[in-house]
Structure formats: C-alpha cells, structure tokens
1. I need the full set of residues from segment 305-319 which are without any contact (Cβ under 8 Å) to a residue 60 or more places away in the chain and either of a type in the set (S, T, N, Q) or in contact with a Lys or Arg (Cβ under 7 Å, 6 or more places away or on another chain) (or both), in order please.
2. Go through (1) of a type in the set (S, T, Y); (2) in contact with a helix residue (DSSP H, G or I) (Cβ under 9 Å, 6 or more places away or on another chain); (3) under 22 Å from W505 (Cβ atoms) one by one and return the number of the condition S390 breaks.
3. Considering only strands (runs of 3 or more DSSP E) fully contained in segment 393-471, which possess at least 2 residues that are outside the structural domain of G304 (by TED's automatic domain parsing) and under 29 Å from the mean Cα position of the chain (by Cα)?
4. Hey, could you check segment 475-488 for residues that are modelled with pLDDT under 95 and part of a strand (DSSP E or B) and say which is farthest from the chain's Cα centre (by Cα)?
5. Under 25 Å from the mean Cα position of the chain (by Cα) and assigned to a strand (DSSP E or B): which single residue out of E96, E90 fits that description?
6. Touching a Leu at 6+ places or on another chain (Cβ under 6 Å), of a type in the set (D, E, K, R) and under 22 Å from S498 (Cβ atoms), is that true of R149?
7. Tally up the residues in segment 410-469 that are among the acidic types (D, E) and crowded, with 17+ Cβ neighbours inside 10 Å, please.
8. Got a sec? Which of R381, R367 is farther than 29 Å from G492 by Cβ, in a loop (DSSP other than H, G, I, E, B) and touching a residue at least 40 places away in the same chain (Cβ under 8 Å)?
Amino acid sequence: MKRGGGKGHGRVGRLRRWAAGWGGVAGLLAVPGWAAAPVLEHLVPSGMARGGSGMVEVVGNVDPWPARVWVEGAGVRFLAGTNTGRFQVEVDADAEPGVRLVRLHNDEGSSDPRFFVVGDGLEVDEVEPNDRPETAQVLDRLPVMVNGRLQPRGDTDGFAVRMAAGQWLEARVDGYRLMSKLDPVLRLVTPEGRPLAWNHDFTSLDPRLVWQSPDDRTVVVQVFAFAYPADAAIRLAGGAGAVYRLHVAVGTEPPDGEVGGEGWEEEPNDSREMAPRRTLPIGVAGTIGQAGDEDRFRFEGKAGETLEVRVAAAVLGSPLDAWVRVEEPGGRQLAYEDDTDGSPDPRLLWRVPEDGEYVVAVGSYVRRGGGAYRYRLTVERVPPRYEVRSEAGAMVIEAGATNTWKFRVTRQGGHTRTIAVDVRGLPEGVRALPATVPDGDGEGSVALVADAGVKAFGGPVRLVANDGEAGGERGVPWMLTSRGLNNGVPQGYTELVSDRTEALWLTVRGGTGAEDGGDEDQEKSVSGRVTASR
C-alpha cells in the first residue's frame, strides 16, 4: 500500500512506535492504513520459456493487493491482475535463461525470495486430470519441461511418452530444490500401471530416472511425493505450494555425464605400496570397482601449506557414499572426512605438518562397489583467501534509527589481511558505517543510519568486502541453503537450484512519502546474478 505524507503519516509512525512499547496492547490497536510485509511461499507455475506469457499464481499472503514485484535481472515482468494473488507474467524472447529470484514488497517490508526459472526450451503446464495411468497427460514433443503441482494431498501426476525400441528415457524432478515442502518420487509404469522403474533420491531429495526401452511402447512417467520435513504420517504429500518442474527427454544414447578429471586411476592401487605418485594439483577419476575396494595416490607435501581434498560422487549421480582420508606412508591416519555440509560427498582442509610424502585414499562408507561407483578426486593447494557471508537477506530500518547488518568472516590458507565491509546502493538519507575485521574468523556488522527525514524506500543493496588485494572489492552473498535438525528430523534445504545471491533487500520505513522505486522494480538489478547450479 502507499502512504501519503504529512501529519497523518507521522501519526501512523508514532502509533507504531507506541504500540511496540506496549506489547500485548499492540494486538488490540486498529491503525488505519496498517499493512504487513507480503509472504511469498511459491509461484505457480515456477517457470516459463523465453518468449512466453501467462498467469502466475502467488501462494502466500499478500494483503493489501497488489504488492510490488522485484525480479532479479531484466526481461521478466510481473503485471498485477485484478484478482488477488495472480500476475500476468511476460518473458522476453531474449531474456537470459536460468534461475531468477522474485520478491514481493510494500512499504512494510519484503517477502523472502523465491525461484522463477526462465527456460531455454519447450515448457508446458501440467493438465489435470492425470492421476491415473490411463488419464496421463500426453507429452508428444520432447525434450520438454513440465511445470506441475501436486494438489490435493495424495495427488499423483502422470505423463505418457512414446518410445522406440532401444531408446533411453531420462526424467528428473526439481521440487525440493525449488524449496517445495516435498520429497519427490519418480516412477515409470506401463499404461496398465505395471511398474518398470523408479527413483526416490538422486543428488538431493529430488529424483532422476534413466531407463532403456526394450521395444516400441508407451510408458507413463509418474510424479508423487512424501512430505518434507518428514512427519509421522505415512501418506503422500500435496497442497497449494507443492510445485515441481519435471524434465523429460528421449534419445538414442544414455544420458549419463562424464566424471571428468585429468585421467583415470589405474589398478591395482588399493595399498600404499602400489599407490601411484601424483603431482599437485591432483585431478583424477576413479571407480570403487568392488565391495571393500580402496584407491590410493601418493603425493609430496610441504610443511605449512593447506590442502583442499574433495571427492565428487553423489553430485555426479554416482551411488558411491565416499569417504576420503590422508595417511602417512606407514598407514597412520592424519585426516578423515565422510559427509560435508549435508552432502554425502566429502571435503576436507588439511595443513601439511612437515615436508614429505603422503597418501590420499578414497573408499565406500558402506563398503559397496561396482562399475557405477565412480568418483572424481581433487587435491589442491589453498592460497591465502577469505570468504564473507551475510547473516540475513533483508533488513528493515526506521527513519531516524540505526540498524546493523551482520556478516561472518572465514579465512583459509593463512589469510591475515584486514578485511573491510561496506554497503553499496543505499538510498539518499541512509549511510553506512563500514566495518573492518583485522584478523581471525567470526562475526562482524555494518551499521546503517537513516536520517529522520529520509524518504521511504524498498530495493536491493549489496554488501561488499575488500582486503586490499589487486582483485578489489567483491560481493558478499547471502546463502539461500540452510540445514538443521528437529528431534533428529532434517530441516532446511542443503541443495537448491540456486544457492546464493548478492541481491540483499533494504526497507526504509516510516520516512516521508511512499516507498521509492515502485515503478522501476521490474528493471532494477544487482550485479552478481543468482548463481545457478544447473
């Protein structure tokens, strides 16, 4: 909503501050023109092809309607319709494909960002009824991306595909990775409902299925899901926000990608005596070929240098649940890692204690192996470096007040330089008090000060960091991924279609006039686009 200026607006600001000081009384107040920041849970559909247009539904709470819309990057426009919660969306034919962040905002603040994907191929919307194999939606043009929603609870969506003998089908779902509260499943059945193949989890909770047809036939790709986070109920999930994107393709070759690396390991190399010598940096592809197999590689390390050791397996679609270990030539373990940051793929940082020869080993945590248990091992020296991450994606500041934007610093490789953190893109009347972190890791903050007469504002800003090196200042990201446990049940999203953004949001509230920037939101952007993981 837009506020007018003058005395009436000042009374609203004073009432807000008075109510905040009276706790329980605040809920009894009815202040004319009071609104809440929009709540955006999902957009349905969650994507659209370049050159496309259509209606997009908001799942959330937007009162009053309409809210303003900010889309990261150019070429995508959200035009509010007369019906609450519905936008006409237009995507330019030359819009950059990939993941965009979308925020709804008003004078009171901004929603959390949600994903809208601009596709570079054919996209269609799911059409009901399609919950039974015999009523499956026919996909007659491939490859295709289907924008779907599992609704109501317990829903199953089916899509019929015609295949020739020997052809390969690939189906993959983005649901969990779109922040849907879903743990999706893919199942392939005949038109009569007989199961042919299925997949539950691939590199994340989202599934991927690859299947070769033995003859000419029609198959049905089914999508259903369990609730995420998991609950005690054993039932299928669904609802207004149960959105997903289903990619379906058919071809003559299997779609499996390459593991990559400088070369393949050569067996036998399971013992320290047989481990081949490699020169840093190491990049090698390998296979845990049988149960109990371990692969080893020798290298020379220098005292004081920090090494980063990574194994990529699950992220490449391998069934390998890998561990990695650094050993002395005699066999004593110096460092070990299994899962890292919620991923089954291990990563460790290790400081070399003294000059000499060392061994890096890779194996299966569950002692399984086979031709599909592939991995890529990298061992690299870590130069002095640092990372700064924002602790929040948005901030609200009142006119005449001060607030702090917190960040966290992590250093690696012996980095010791002073790091300066500042804010770019602030509106007139708001200034930053830059922070410096002279040494070590930990939390810091930049203070923002708003003048008493500042104009109301809502828009993107950037935190930037600089350690004085030749590279200059860099953007400070806010991580969209999160992780946690609630009574042992996983929470948050450890892998998303986009894991970070530098487009932070600032709301200046209680200043003179309505929120600034409403007419320019569609074209506003922040350098450092959303990083897409696919």
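1. S318
2. Only one criterion in (1) of a type in the set (S, T, Y); (2) in contact with a helix residue (DSSP H, G or I) (Cβ under 9 Å, 6 or more places away or on another chain); (3) under 22 Å from W505 (Cβ atoms) is unmet by S390, namely (2).
3. Where strands (runs of 3 or more DSSP E) fall fully within segment 393-471 and carry at least 2 residues being outside the structural domain of G304 (by TED's automatic domain parsing) and under 29 Å from the mean Cα position of the chain (by Cα), they are 394-398, 402-412, 419-424, 435-437, 442-450, 455-466.
4. In this case the residue turns out to be N486.
5. E90
6. No.
7. 2
8. After applying the criteria, what remains is R367.
The values are calculated or read from the model by the stated rules, or taken from the named source; none is laboratory data. Small disclaimer: the values here were computed from a predicted structure and weren't measured. Note that each Cβ is placed from the backbone with ideal geometry, even for glycine, and that neighbours are counted across all protein chains shown.
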